[in-house]
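S.K.: One structure is given below, represented as structure tokens, and several questions about it will come after.
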Amino acid sequence: MEHVPRDASQENPERHSGGFNHWHAPEDPDKPRLPYLPGYSVRISRHAPPSEDEQSGFQERPGLKEAYLKTVTHSEAVVANPPVDGVEDSSSQAELVITSTIAIGSARGAQIVTCTVTPLDGDSEPFEATAKIYDPLYYNFEHSIGYYPRDCVGEADNNYMVETYAYEILEQTGHTGSSAPKYYGSWTFTLPIVFKGLLTLRPVRLILMERLNGVTIRESRIQNTYSRGAGKDAFHYPEEYRLEVLAQAMDAHVRQMKSGVDQGDFAGRNIILVPIQSEKICGLFLPRIVLIDYNHANVRQLSSEQLDCLPPNPTEIFWGQYLWEDVAGWVPNTWKDVKVQQDWLIQRFCRHDTKDLYLPVIGHMSDTVSQKMADAERDSNQRSPWSYACRSIDGP
């Protein structure tokens, strides 16, 4: 088995600098190279993480102590601390073959790849999927800020359990296949590692999701100005189109919240635009808008009464979020002033034909919304500060 090359700079994990001992991950000759490349194949089995009751309401597993992590290599931390058991169903197996990579790295975290999955039941057809693999050996073993070890084992375990719980609820409440990817279940497999001269098999968890033929909002940005320093943006799309897409993404987010899943990281990198033929805005078909990345979601199992409630108003949810940074290059540059963003939220989600779709805005924000809407009605014959025009995609 081929191993990671020796890095002489890591022979001493405690380095003295400026009066401080700076810890760095020690040399790890047992750590294999990253296996998750096109052509890699493995047999996977159905797996369910511990139930809600077993996890005491989705609580995270106890973390590994920093003092312990400073005494071991990355490989030892992983081999000595396997993921929580859950339930494996070895009667339901499939062959997974990686066809391309989406996001991989030897210290990245979860590995995301596209793959072909062939069920081994003899009846089902092969299908294409996206796999998200929670292998702690390829999470970062060092914190990016500070000089101390990272509990990659607990992080991978919690990512897997939270994302599995989230997709199960999204599937039960009808969001998968629309505002969330279709979900093909949670799985497990084993990988060999030669640790301290002995061959050991270690379990690795993963989930399978719909393979989406689209791009994220962040990926849709291109160079639109002469100045390279200005960065990329998506201003080649009409503003009305961009803001309608954003509004629908926000609506999807709050409707998932109403179902018990707060995605927790609403940003351009986690909103995928999948081309479909639907309603047109400024001559362009609106895409299917899909939210991804639920490994840090806030997940709650709601009662039937709670599920019957209206979703929260996006105005309230996104009032304090700085979308000029989180959805950079998609929202207008005027949104650098958060008040312009807030004016748009009020106009889009609090007007008479939309406010009844959501729970009422409450507290001090309610007075602000009422005043803004009253001002808008008095000024209805003039262009309001949050309105926008549909520009030709061939125009300036």
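S.K.: A129 passes all but one of (1) in contact (Cβ under 8 Å) with a residue 40 or more places away in the chain; (2) under 24 Å from P32 (Cα atoms); (3) out of contact with any helix residue (DSSP H, G or I) (no Cβ under 8 Å at 6 or more places or on another chain); which number fails?
M.R.: Among (1) in contact (Cβ under 8 Å) with a residue 40 or more places away in the chain; (2) under 24 Å from P32 (Cα atoms); (3) out of contact with any helix residue (DSSP H, G or I) (no Cβ under 8 Å at 6 or more places or on another chain), A129 violates only (2).
S.K.: Can you work out which of the residues in region 80-108 that are hydrophobic (A, V, I, L, M, F, W, C), in contact (Cβ under 8 Å) with a residue 12 or more places away in the chain and outside any strand (DSSP E or B) is nearest to E210 (Cα to Cα)?
M.R.: In this case the residue turns out to be I104.
S.K.: Same structure again: I'm trying to understand the selection: among the residues of region 255-280, which are assigned to a helix (DSSP H, G or I), buried (at least 22 other Cβ atoms within 10 Å of the Cβ) and not small (G, A, S)? Explain how you work it out, then say what you get.
M.R.: So in region 255-280, the residues assigned to a helix (DSSP H, G or I) come out as 255-258, 268-270.
Then keep just the ones that are buried (at least 22 other Cβ atoms within 10 Å of the Cβ); that gives 256, 268.
Answer for region 255-280, where residues must be assigned to a helix (DSSP H, G or I), buried (at least 22 other Cβ atoms within 10 Å of the Cβ) and not small (G, A, S): just Q256.
S.K.: Still on this structure, please answer the following. Return the residues of region 173-201 that are in a strand (DSSP E or B), touching a residue at least 60 places away in the same chain (Cβ under 8 Å) and not small (G, A, S); say none if nothing qualifies.
M.R.: Y184, W187, T188, F189, L191, P192, I193, V194, F195, T200
For (1) touching a Cys at 6+ places or on another chain (Cβ under 7 Å); (2) more than 25 Å from Y139 (Cα to Cα); (3) polar (S, T, N, Q), each residue gets a yes or a no:
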{"site": "V194", "(1), (2), (3)": "no, no, no"}
{"site": "L206", "(1), (2), (3)": "no, no, no"}
{"site": "L212", "(1), (2), (3)": "no, no, no"}
{"site": "Y226", "(1), (2), (3)": "no, yes, no"}
{"site": "D233", "(1), (2), (3)": "no, yes, no"}
{"site": "E244", "(1), (2), (3)": "no, yes, no"}
{"site": "Q248", "(1), (2), (3)": "no, yes, yes"}
{"site": "Q256", "(1), (2), (3)": "no, yes, yes"}
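S.K.: Against the conditions (1) surrounded by 19 or more Cβ atoms within 10 Å (Cβ to Cβ); (2) in contact with a Ser or Thr (Cβ under 8 Å, 6 or more places away or on another chain); (3) in a helix (DSSP H, G or I), where does I289 fall short? Just the number, please.
M.R.: Unmet condition: (3).
S.K.: Could you list, in sequence order, the residues of region 207-248 that are of a type outside the set (A, V, I, L, M), surrounded by 13 or more Cβ atoms within 10 Å (Cβ to Cβ) and under 18 Å from A180 (Cβ atoms)?
M.R.: Those that are of a type outside the set (A, V, I, L, M), surrounded by 13 or more Cβ atoms within 10 Å (Cβ to Cβ) and under 18 Å from A180 (Cβ atoms): E210, R211, G214, T216, Q248.
S.K.: Looking at (1) crowded, with 16+ Cβ neighbours inside 10 Å; (2) modelled with pLDDT of 95 or more; (3) over 25 Å from D28 (Cα atoms), can you tell me which one G86 breaks?
M.R.: (2)
S.K.: Next question, about the same structure. Hey, can you tell me all the residues within region 109-139 that are out of contact with any Asp or Glu (no Cβ under 9 Å at 6 or more places or on another chain) and part of a loop (DSSP other than H, G, I, E, B)?
M.R.: Scanning region 109-139 gives D121, G122, D123, S124, E125, D135.
S.K.: Right, next: Checking the structure you have, find out if any residue of region 105-120 is of a type in the set (S, T, Y), buried (at least 18 other Cβ atoms within 10 Å of the Cβ) and at pLDDT 95 or above.
M.R.: Scanning region 105-120, I find no residue that is of a type in the set (S, T, Y), buried (at least 18 other Cβ atoms within 10 Å of the Cβ) and at pLDDT 95 or above, so the answer is no.
S.K.: Follow-up. For region 324-339, what are the residues that are closer than 21 Å to T225 by Cβ and not charged (D, E, K, R)?
M.R.: Of everything in region 324-339, those that are closer than 21 Å to T225 by Cβ and not charged (D, E, K, R) turn out to be W324, V327, A328, G329, W330, V331, P332, N333, T334, W335.
S.K.: Still on this model: What number of residues within region 304-321 are exposed (fewer than 14 other Cβ atoms within 10 Å of the Cβ) and either in contact with a Lys or Arg (Cβ under 6 Å, 6 or more places away or on another chain) or under 22 Å from N270 (Cβ atoms) (or both)? Steps first, answer last, please.
M.R.: Within region 304-321, the first condition is being exposed (fewer than 14 other Cβ atoms within 10 Å of the Cβ), and the residues that meet it are 304-310, 320.
Restricting the remaining residues to those that are either in contact with a Lys or Arg (Cβ under 6 Å, 6 or more places away or on another chain) or under 22 Å from N270 (Cβ atoms) (or both) gives 320.
The number of residues fulfilling the criteria is 1.
S.K.: Can I ask one more? Let me spell it out: the conditions are (1) among the hydroxyl-bearing types (S, T, Y); (2) at pLDDT 95 or above; (3) part of a loop (DSSP other than H, G, I, E, B), and S56 meets all of them except one. Which number is the exception?
M.R.: Single failed check for S56: (2).
The values are calculated or read from the model by the stated rules, or taken from the named source; none is laboratory data. Quick caveat: nothing in here was measured; it's all calculated off a predicted structure. As a convention, Cβ positions derive from the backbone with ideal geometry for all residues, glycine included, and neighbour counts pool all protein chains shown.
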